[in-house]
1. All but one of (1) buried (at least 19 other Cβ atoms within 10 Å of the Cβ); (2) more than 9 Å from chain A (Cβ to nearest Cβ); (3) at pLDDT below 85 hold for B:MET1; state the number of the condition that does not hold.
2. Working only within the range B:177-200, note down all residues that are touching an Asp or Glu at 6+ places or on another chain (Cβ under 7 Å) and in a loop (DSSP other than H, G, I, E, B).
3. Is it true that some residue in the range B:48-71 is within 23 Å of B:PHE196 (Cα to Cα) and modelled with pLDDT of 80 or more?
4. Among the residues of the range B:128-140, is there at least one that is free of Cβ contacts under 8 Å to residues at least 12 places away in the same chain and either closer than 23 Å to B:GLN100 by Cβ or in a strand (DSSP E or B) (or both)?
5. Condition test on B:ALA111, is it of a type outside the set (S, T, N, Q), in a loop (DSSP other than H, G, I, E, B) and within 14 Å of chain A (Cβ to nearest Cβ)?
6. Looking at B:ALA153, B:ALA168, can you tell me which residue is assigned to a loop (DSSP other than H, G, I, E, B), more than 21 Å from B:GLY85 (Cα to Cα) and in contact (Cβ under 8 Å) with a residue 40 or more places away in the chain?
7. Do you know which of the residues in the range A:50-73 that are without any contact (Cβ under 8 Å) to a residue 24 or more places away in the chain and assigned to a helix (DSSP H, G or I) is farthest from A:HIS145 (Cα to Cα)?
8. Being within 11 Å of chain B (Cβ to nearest Cβ) and either among the aromatic types (Phe, Trp, Tyr) or within 30 Å of A:ALA125 (Cβ to Cβ) (or both) is the filter here; which residues of the range A:70-110 pass it?
Amino acid sequence: MAAAAEAHHGPPVAHQSSRVSREVLGMLLFISSEVMLFGAFFTAYFFVRVVNGYAWPPEGFHLPKFVAGVNTMILVTSSFTVHWALQSIRRGNRTGLQSGLVLTLLMGLTFLLTQIIEYARIGFAPHDNAFATIFFSLTGLHGAHVFVGLTILLFVTIRAFRGHFLPDHHHGVELAGIYWHFVDVMWIVVYSTVYLL
Amino acid sequence: MRNPLRSEQEAFRWVLLTVAAFALIVIGGLINRWLGLAVFIAVIIVALWYMTRGREERPLPVRPAARPGENERRILVVANETVGGGALRNCIRKKSEGVQENVLVVSPSLASPMRHWASDEGPGRAEAQERLDASLALLRQAGISARGEVGDAEPLQAIEDALRTFGAEEIIISTHPEGKSKWLERGVVTEARERFALPITHVIVDVDEEREDLVEDD
């Protein structure tokens, strides 16, 4: 019998018993911190609206519910396309992966551009009152996350067009998809609480 | 507990559930503020139930991280108190015949669940390390090239952790005989066969009997 023991070089092997894979644990911790960040902003919203009982929106202020509703539809649809992209690469369908990612990118960009236009035309500014501050903080914080998600998706899309990812090796798409779904879930919460209720 | 971030599939399901839940909350809230609050509380209760009912959820099947070289046979051995058993050594020796063997012996930590949660696994790991060292020495004496590590106290988790870095082609699980083995009582071998897409050999080591044999040989 030949000797084939692998000598270990370098730093000691990390203790691996996290009971969850490193990538998923990383994403879990990251999103937990994000939930806390959004939670801080929602706490401010809760104090202004529920504890202090201010009208939402105050008299003379108007929220573009319809445009934001269309934007919500676009973002929810983008979750379907990123899901389709992942399902495609699992089946070895590279065209599906690329199309799904491009569509997701385009819809994310549309969402962000619509939000920027909405800001320009909304008729009030963050420094006007507490309502305006919280409106811009919550939607702006979410917009920043959409921007980060789009940056991640852009890199994933470039990689997809360069031939990266295989049916059994597509963790990059999976993690980007999880983040994008998280952004989507947060928008549904923001849209429902800030615009509709 | 069900983890909504375990996979993209789960996260996508959460998007759909969130859409449905908030549609109900908004409809309730627009009809009457208190109805909206009631729906919100109901949704939270359902969400908590949904998340906790997933305790029996099967983990995703794990495949090894790396591929072995030509004529190389990578064997992952998982053994606890039976790690020094003769039956286990014989099994490893048989499987190593005619190939360039690469054996990784994982000995799960002997820490109790209480010590695990208190992050006080030191003594349990040290004890497991001692047994492992003794076993590795015996394997090397028998001409088997092997290395070892102390793994998670949960044997299935220890296997999963090891597979992530060691591209095993097969797994050997060594246990005490039926009636003496806690692992068999908990169905570790059966569960490992369902969870890991690799051939699994179950070796039974009767430590007491081997000890008696040794006494007789002496």
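1. Unmet for B:MET1, out of (1) buried (at least 19 other Cβ atoms within 10 Å of the Cβ); (2) more than 9 Å from chain A (Cβ to nearest Cβ); (3) at pLDDT below 85: (1).
2. Result: B:PRO177, B:LEU198, B:PRO199.
3. Applying the first criterion (within 23 Å of B:PHE196 (Cα to Cα)) to the range B:48-71 yields B:54-71.
Adding the requirement that they be modelled with pLDDT of 80 or more leaves none.
For the range B:48-71, residues within 23 Å of B:PHE196 (Cα to Cα) and modelled with pLDDT of 80 or more: absent.
4. Taking the range B:128-140 first, the residues free of Cβ contacts under 8 Å to residues at least 12 places away in the same chain are B:130, B:137, B:140.
Next, from what is left, pick out any that are either closer than 23 Å to B:GLN100 by Cβ or in a strand (DSSP E or B) (or both): B:137, B:140.
Yes, the conditions are met somewhere in the range B:128-140.
5. Values: of a type outside the set (S, T, N, Q): yes; in a loop (DSSP other than H, G, I, E, B): yes; within 14 Å of chain A (Cβ to nearest Cβ): yes.
It is true that B:ALA111 is of a type outside the set (S, T, N, Q), in a loop (DSSP other than H, G, I, E, B) and within 14 Å of chain A (Cβ to nearest Cβ).
6. Working: B:ALA153 fails: more than 21 Å from B:GLY85 (Cα to Cα).
Checking each option against the conditions leaves just B:ALA168.
7. A:VAL51
8. A:THR72, A:MET73, A:LEU75, A:VAL76, A:SER78, A:PHE80, A:TRP84
The values are calculated or read from the model by the stated rules, or taken from the named source; none is laboratory data. Remember, predicted model here, so these are calculated numbers, not experimental data. Virtual Cβ from ideal backbone geometry, glycine too; neighbours counted across all protein chains shown.
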